[in-house]
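Worksheet: one structure, shown below.
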C-alpha cells in the first residue's frame with residue numbers, strides 16, 4: 001500500500017514538472033513571437049546611406065543605394081522565415097513538412113536580396129523550389145492517403161488518426177534530430 005502511494009506521488013510530481021516545462025516553453029515561444037514587430041522595425045536604426053559601417057562589418061548597398069532600404073526588404077523576408085520556423089518546430093500535425101516549401105522560398109529570396117547584382121528579387125525561385133516540392137508534396141499526399149485508407153478500414157474518426165500521426169518529441173533537440 002505504501003509503495004502504491006509513493007508511486008502515485010512520484011507520478012503527480014512528474015506531471016507537475018512536465019507541466020512547468022511546457023508552461024515555460026510556451027512562454028518563451030510566445031515572447032519570441034511577440035517581439036516580432038520590434039525585430040521588423042530594426043531596419044529604422046540603419047542609416048539611409050549607401051555605405052553602413054559598424055564595428056562588426058561594412059555593408060555597401062550597390063543595388064538599393066540605401067542600406068536602410070536593403071534592410072527593410074531583408075527584414076520583410078527574414079521575419080516570415082522566423083515565424084515559419086517557429087511554426088515548423090512547434091507544429092504537431094502530420095502535414096507540418098509542407099511548411100518547408102515557404103521556408104525554402106523565403107530563404108531563396110533572402111539569398112537573392114543579399115546578392116546585390118540581381119535586379120528582380122522574386123523572379124526565378126520556382127526553378128529552385130521544384131526539387132523541394134517534388135519531395136515534400138508526394139510525401140504529404142502519401143501520408144494523407146494512409147490516413148484515409150485507415151479511416152475506411154476502421155471506425156476511428158479523422159481526429160483520432162491525426163492524433164496517431166502527430167509527432168511529439170520530448171524537447172527541441174529531439175525535434176531537430178528527427179530530420180537528420
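Rule-based calculations on the coordinates, nothing more; no lab input. All values reported here derive from a predicted model rather than from experimental measurement. Here the Cβ is made from the backbone with ideal geometry for all residues, glycine too, and neighbour counts use every protein chain on show.
So here's what we get for this one:
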item: Packing-based ranking, highest mean first, of 60-69, 20-29, 138-147 given that Cβ atoms within 10 Å are counted; result: 60-69, 138-147, 20-29
item: Inter-site label distance for residue 23 and residue 130 at 7 Å from Cα along Cβ, in nm; result: 5.3 nm
item: Förster-model FRET efficiency, 35 Å R0, residue 89 and residue 54, C-beta, rounded to 0.05; result: 0.70
item: Highest average packing first - 85-94, 39-48, Cβ atoms within 10 Å; result: 85-94, 39-48
